[in-house]
Amino acid sequence: PGTEIFICEMGAKNVGDIKEICDIVNPDIGMITSVGPQHLNTFGSLENIVNTKFELADAVCQRGGEMFLNGDNGLIRARAEGYENSHLYGTGDGLEVRAENITCSSSGSEFDIVFADGKISVSTRLLGSHNVQNITGAAALARSLGVSDGDIRFAVSSLKATPHRLEMKSFVNGATLI
């Protein structure tokens, strides 16, 4: 009864898998972070993968919900048109929410998340363009839920790398091991 937000990752290996999860969860908000050639052996084609990922967008839009779509992924961007109340995010020009001024160092990544009404400068220990994309999408979604820019900035600065996934560690003679 006290739950405000339930987050459900929806994985798929076959056409219809995401629709089946959506029929159980009834999502009001959705995010598609990536579409690629995963599980081609069970999907049979890239088109089937795209269609399956967009089962989430179909379910959310049927409920009048909001979709957040990674506009840096060409397969997602090509399919995004026609989905009302959807938002493209990423690092590319012309996206509704985008990361700009991206720099990486031994401290991690710093960048600006640009919205229509301003920007948030953030820093994170995470490396990699995929993390910048994911953070930008999460910030767009969080802002739509009323999360403050200060809370978004704090959350981004608190992120920790998954062990053995672009994790930075001090190494011999002052070197950094990734």
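The values are calculated or read from the model by the stated rules, or taken from the named source; none is laboratory data. Since this is a predicted model, take the numbers as computed values, not measurements. Cβ placement follows ideal geometry from the backbone for every residue including glycine, while neighbour counts extend to all protein chains displayed. Remember, those area values only see protein heavy atoms, side chains included, never the ligands or the DNA or RNA. Shrake-Rupley method; radii C 1.70, N 1.55, O 1.52, S 1.80 Å.
List of remarks:
- Note on the stretch 130-178: among residues that are part of a helix (DSSP H, G or I) and on the phi > 0 side of the Ramachandran plot, the one that is surrounded by the fewest Cβ atoms within 10 Å (Cβ to Cβ) is N173.
- Matching residues, the stretch 47-70, being open to solvent by 70 Å² or more (accessible area, probe 1.4 Å) and either among the aliphatic types (A, V, I, L, M) or without any contact (Cβ under 8 Å) to a residue 12 or more places away in the chain (or both): E47, Q62
- Filtered by the rule that a residue be open to solvent by 70 Å² or more (accessible area, probe 1.4 Å), at pLDDT 95 or above and aliphatic (A, V, I, L, M), the stretch 16-45 gives a lone residue, I24.
- Looking across L56, L40, L46, one residue alone is in contact with a strand residue (DSSP E or B) (Cβ under 7 Å, 6 or more places away or on another chain) and among the aliphatic types (A, V, I, L, M). It is L56.
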